[in-house]
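Working notes, structure below.
The values are calculated or read from the model by the stated rules, or taken from the named source; none is laboratory data. As the structure is a computational prediction, the values presented were derived from the model and not from experiment. Glycine gets a Cβ as well: all are built from the backbone with ideal geometry, and neighbour counts include every protein chain shown.
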Number of protein chains: 2
Amino acid sequence: MRNLTLTALEGMPEVAPGDDLARLVCRALAATGIVLAPGDVLAVAQKVVSKAEGCLVELASVSPTARAHDLGRITGKDPRYVQVVLDQSREVLRAVPGVLVVEDLRGFVTANAGIDQSNVPGTDRVLLLPPDADASARRLRQAIAALTGVTVGVLVNDSFGRAWRNGVVGTALGVSGFEALVDLRGQADREGRTLRISQVALADELAAAASIVMGQGAEGTPVVHVRGLPAQAAVGVAEDSSVRDLLRARAGDLFR
Amino acid sequence: MRNLTLTALEGMPEVAPGDDLARLVCRALAATGIVLAPGDVLAVAQKVVSKAEGCLVELASVSPTARAHDLGRITGKDPRYVQVVLDQSREVLRAVPGVLVVEDLRGFVTANAGIDQSNVPGTDRVLLLPPDADASARRLRQAIAALTGVTVGVLVNDSFGRAWRNGVVGTALGVSGFEALVDLRGQADREGRTLRISQVALADELAAAASIVMGQGAEGTPVVHVRGLPAQAAVGVAEDSSVRDLLRARAGDLFR
C-alpha cells in the first residue's frame with residue numbers, strides 16, 4: 001500500500017530566541033512516539049524557526065521613512081510595520097487598501113514580506129522570515145542527524161496567498177535533503193507519450209500538506225513528521241536542493 | 001496522535017467515457033483493503049473524471065479561427081488545440097512563446113484552460129476539464145454513499161502552475177461534502193491575539209497533498225483516500241461547499 005502519513009508532533013513548547021530547535025524537535029518526536037527512519041521528512045513552521053533564530057523587530061525601534069508613511073496611508077497599515085516590510089523587500093509589486101505585495105529579499109513574492117504579528121508574544125513585535133530558510137533547514141537536518149543518527153529531509157513552510165485564488169496555502173520557504181522541484185521532463189505517461197507536465201513543485205505540495213496538519217491557530221503543533229514521500233523526492237540523497245529552484249526567474253514572470 | 005494519512009488506491013483501470021466511476025472507486029477501495037469511515041475524503045484526479053464524463057475533443061474536428069491561428073503562431077501551439085482552449089475560455093490573460101494563460105469558463109486562471117494531451121489514449125484527442133467539477137464531486141459522493149452507506153467528502157484535483165513559482169501543484173477543481181475555504185476570522189492565536197491569516201484554502205492544500213501520492217506519470221493511481229482532516233473541514237457536514245469559494249473575484253484580482 002502506497003501511503004503518505006503526516007503526524008503533528010506533540011509537546012513542542014513556545015520557542016524563544018536561542019532555543020535549540022533540533023533538541024526540542026527530538027523531544028517532541030519522543031513524546032509523540034515516533035522513531036525517525038531514513039526517507040522521513042520533518043516540516044517545521046516558519047514561526048518557530050524565526051523565533052529560534054531571533055528574527056524579531058520591535059516596532060518602537062523603527063523610524064518610518066516618507067515612503068513608508070505613504071504606503072501606510074494607501075494600505076491602512078502601521079507605517080512602522082510598512083517600514084519593516086520595505087526593509088525586507090526588493091520591490092513593491094502592489095499596494096492597495098489592506099494589501100501590500102512585495103518581492104522580498106529572498107525572492108519570495110508575498111504579502112507583507114511574510115512578516116507577521118500573530119502568535120508573537122509581546123504586543124509590539126513582528127516576526128521576520130528567516131534570512132535563509134534553506135540554511136535553517138540544513139542546520140536543523142544536520143543537528144537532528146547528530147542527535148538521532150538518522151538523516152531526514154527538512155522543510156520550512158509558511159502560508160502564502162496566491163494571485164488568483166482566495167485563501168492561503170502552505171508554501172515552502174526552505175528545504176534540505178530532498179528535491180524541491182521534481183523534474184519529470186522526458187518521462188513517458190501511461191500511453192508512452194511524453195508528459196506535458198514536466199516539473200512538479202514537490203516542496204510546495206508538501207508544505208501545503210503539512211499546513212493542514214499544523215493548523216493556523218491555537219493548535220500549537222508547528223512540527224509535522226512526514227513518512228512515505230515518493231522516490232523522486234530523493235529524501236536523504238538530494239544534498240544541494242534549494243527553495244530557489246521554486247522561484248520563477250524575473251524574465252519568465254508574466255504577472256509582475 | 002493527530003494524523004493525516006493519504007493512500008493511493010490500487011487497481012483503478014483505464015477509465016473510458018460512460019464508466020461508472022463510483023463503482024470503480026469502490027472496487028479499488030476493496031482491492032486496497034480500505035473500508036470507508038465518516039470523515040474520510042476521496043481525492044480523484046481530473047483526468048479520470050473528465051474521461052468518465054467523455055470530455056474529449058477530436059482535434060481533427062476543429063476548425064481554427066484567425067485568432068486561434070494568431071495565438072498559435074505566438075505560442076508555438078497547434079491552432080486547433082488553441083481553438084479548443086479559446087472555446088473553453090472567457091479571456092486570454094497572457095500569450096507568449098510556449099505559454100497561453102487564460103481564465104476558463106469556470107473561472108479558473110490556468111495554462112491552456114487545463115486542457116491536456118498526456119495520458120489520453122489516441123494521438124489526436126484532447127481532454128477538457130469537467131464542465132462543473134463541484135457537480136462531478138457531488139454525484140460521485142452520492143453514488144459512493146449509495147454503494148457503501150458512508151458519506152465521504154470528494155475532491156476533484158488537477159495540477160496548475162502559479163504566477164511566481166516554478167512547477168505545478170495539485171489544485172482543487174471541485175469539492176463536495178467538505179469546506180473548500182476554511183474561515184478562521186475572529187479566532188484567537190496562542191497569545192489571544194486575533195489571527196492575521198484568516199482564510200485557508202483547505203481544498204487546495206488537500207489537492208496538493210493528494211497530488212504527491214497520485215504522481216504525475218506512469219503510476220496510474222488517480223484516486224487517493226484521505227483520512228484525518230481536521231474538524232474545520234466539516235467533512236460530511238458541509239453540504240453547499242464549492243470550489244467557487246476559492247476563486248478570487250475579479251475586483252480583488254491585482255495581477256490580471
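Anything in region B:1-29 that is loosely packed, with under 13 Cβ neighbours inside 10 Å and without any contact (Cβ under 8 Å) to a residue 60 or more places away in the chain? List them, or say none. If the condition is that a residue be loosely packed, with under 13 Cβ neighbours inside 10 Å and without any contact (Cβ under 8 Å) to a residue 60 or more places away in the chain, then B:Met1, B:Pro13, B:Ala16, B:Pro17, B:Gly18 are the ones that fit. Looking at region B:139-178, which of the residues that are of a type in the set (Ser, Thr, Tyr) and within 30 Å of A:Asp183 (Cβ to Cβ) is farthest from the other protein chains (Cβ to nearest Cβ)? Restricting to residues being of a type in the set (Ser, Thr, Tyr) and within 30 Å of A:Asp183 (Cβ to Cβ), the top hit is B:Thr171. Test B:Leu21 against the criterion of being of a type in the set (A, V, I, L, M, F, W, C), in contact with a Lys or Arg (Cβ under 7 Å, 6 or more places away or on another chain) and closer than 27 Å to B:Asn112 by Cβ, and give yes or no. Answer is no for this residue. Inspect region A:83-95 for any residue being assigned by TED's automatic domain parsing to the domain that holds A:Ala163 and closer than 22 Å to A:Ala135 by Cα and give the result as yes or no. Looking through region A:83-95, none of the residues is assigned by TED's automatic domain parsing to the domain that holds A:Ala163 and closer than 22 Å to A:Ala135 by Cα.
Being within 12 Å of chain B (Cβ to nearest Cβ) and either in contact with a Lys or Arg (Cβ under 8 Å, 6 or more places away or on another chain) or among the hydroxyl-bearing types (Ser, Thr, Tyr) (or both) is the filter here; which residues of region A:76-90 pass it? Passing the criteria: only A:Tyr81. Taken over region A:98-114, the criterion of being in a loop (DSSP other than H, G, I, E, B) and at pLDDT 95 or above is satisfied by A:Leu105, A:Arg106, A:Gly107, A:Phe108.
Selection of region A:6-48 for residues being polar (S, T, N, Q) and more than 16 Å from A:Val175 (Cβ to Cβ) yields A:Thr7, A:Thr32.
Rundown of residues vs (1) more than 25 Å from A:Phe178 (Cβ to Cβ); (2) within 23 Å of the chain's Cα centre (by Cα), yes/no style:
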position: A:Ala31; (1), (2): no, no
position: A:Gln46; (1), (2): no, yes
position: A:Val49; (1), (2): no, yes
position: A:Lys77; (1), (2): yes, no
position: A:Ile115; (1), (2): yes, yes
